[in-house]
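Right, one structure below, let's go through it.
The values are calculated or read from the model by the stated rules, or taken from the named source; none is laboratory data. These numbers were taken from a predicted model, which means no experiment stands behind them. Here the Cβ is made from the backbone with ideal geometry for all residues, glycine too, and neighbour counts use every protein chain on show. These accessible areas exclude ligands, DNA and RNA; they are computed on the full protein's heavy atoms, side chains included. Shrake-Rupley method; radii C 1.70, N 1.55, O 1.52, S 1.80 Å.
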Amino acid sequence: MEKTRKKFEIKKHILTGISYMIPLVVAAGLCMALGQVIDSDVRNSTAGIGYYLYQAGSFGMSAVVPVITAGVAYSIGDRPGIAPGLIIGFICSAIKAGFIGGLVGGFLVGYLVLACKKYIRVPKAIQGLMPIMIIPVLVTAVIAILMYTLLGQPFVWLMNVLTEWITGLQSGSKFVFSAVLGGMACFDFGGPVNKTMSTFVNGLMIDGVIGPESVKFVGSMIPPFGIAISCLLTRNKYTKAEKEQLKAAVPMGICMITEGVIPIAARDLFRVVFACVCGSAVAGGLCMVWGTGSPIPHGGMLTVPLFTNPMMFCVALAIGSIITGVILSLIKKPVTEEDEIADLNDIDFGANTDINDDEIKIENI
């Protein structure tokens, strides 16, 4: 039972971080999408309604990792974990650790806050400073140093290895090369692996090689489309909250904003990532074999008419989305009553939780 308790607590903390992140992703993503609809060349604009909306959404997206880190830290350590969580989240973004690094950082912050509360003793005269100064400063300093000097280094190393690897693949099979790029484009839903792939193909586009750019497009759009197809095929495998989140994730996917699926993916990370990578890899390989190409680095479906061979790009996108949807429907587990209860209560997991041997009771709903 102790193992079940710990598993539930970890899931609870992750869902808390996700619940605070969802409104941010939706608001920021839809602002970016609206900006692109209003101004098709919004990335090169300097003023206008479309530009202002796109910039607002961009700022929101830059705060996704800090918010999820702070949410996890708050779930574990209560209010003293919020400020360190936000700071560590920004550090994770800066070192290219992505939302996975943010989750790890949130747990580190939260548990260090608990340790400080338990082991640090101060005179009564300054006890009021513990939650507002002593704990936040101490936790921020310790975790920030660890993240910069030790914990962040594996992420930096991985990005360098990936860059060298995909550079070496150019001399191999066109399908294999593009399949790898397609898988990388969706692997972490806009995180550091996606950014590494994007930087690489953007450099190729500057040199006049536009084929890989279409692979980036297809890999970035398949996750929301594929998950939506899976939800249509097997609705019993998605919670009510996830179905609602897809209503925002799909429009964001049309505009090539993958982050809308992060809340859904985080609940079943390995299965969702596996299915998305399979579909995106196949679609990416087909894009290059069929000679599709994009002369611009962003824009989603709004810019597909400007592609080389746009019809075949759409076919590849449809095939990859269907593959993702079918695989995910086959491997994803049906939703249980416990999952639905957790989703109903993830708006504030600061509530008291009591787990006994017979059932899980969530109090203060």
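Net charge near Thr258, counting Lys/Arg +1 and Asp/Glu -1 over other residues with Cβ under 13 Å of its Cβ?
Here the count lands on 0.
For Ser62 and Lys247, what is the calculated FRET efficiency with R₀ set at 25 Å and r taken between the beta-carbons, to the nearest 0.05?
Computed FRET efficiency for Ser62 and Lys247: 0.55.
Fully extended, how many nm does the chain gain between Thr149 and Ile296 (0.36 nm per residue separation, minus their Cα-Cα distance)?
Working it through step by step, the gained length comes to 49.2 nm.
On the Cα set of region 187-332, report Rg and Dmax in Å, please.
Both quantities, over Cα of region 187-332: 14.4, 48 Å.
Suppose all protein chains stay in the model; what accessible area per residue would a 1.4 Å probe give for region 223-343, in Å²?
I get 39 Å² per residue for region 223-343.
Around Gly293, which amide H atoms from residues at least 5 apart in sequence, or from another chain, sit under 5 Å from its own amide H, with H modelled in the peptide plane?
Hits under the 5 Å cutoff: Thr308.
What is the ratio of the Cα radius of gyration of region 1-104 to 2.2 N^0.38 Å, where N is its residue count, to two decimals?
Normalised Rg, Cα atoms only: 1.29.
How do 277-287, 30-40 rank on mean C-beta neighbours within 10 Å, highest first?
Highest to lowest by the protection proxy: 277-287, 30-40.
Given a 1.4 Å probe and the protein chains all in place, what does the accessible area of Phe107 round to, in Å² to the nearest 10?
Number for this one is 40 Å².
Which one, Ala56, Pro66, Gly101, projects farthest toward the positive side of the charge dipole computed for region 1-102 from Cβ point charges (K/R +1, D/E -1)?
Looking along the dipole axis, the top candidate is Gly101.
Tell me, what is the FRET efficiency for Ala94 and Val161 to the nearest 0.05, using R0 = 22 angstrom and their Cβ-Cβ distance as r?
0.65
Once region 48-147 is represented by equal point scatterers at the alpha-carbon sites, with solvent omitted, what log10 I(q)/I(0) does the Debye formula produce at q = 0.14, 0.19 Å⁻¹?
The Debye formula, applied to the Cα set alone, gives -0.52, -0.80.
Please sort 116-125, 324-333, 251-260, 15-24 by packing, taking for each peptide the average over its residues of neighbouring beta carbons within 10 angstrom, highest first.
In descending order of packing, they fall as 251-260, 15-24, 324-333, 116-125.
With Cβ to Cβ distances under 14 Å as the rule, what net charge do the other residues near Ile132 carry (K, R +1; D, E -1)?
Taking every Cβ under 14 Å from that of Ile132, the sum is +1.
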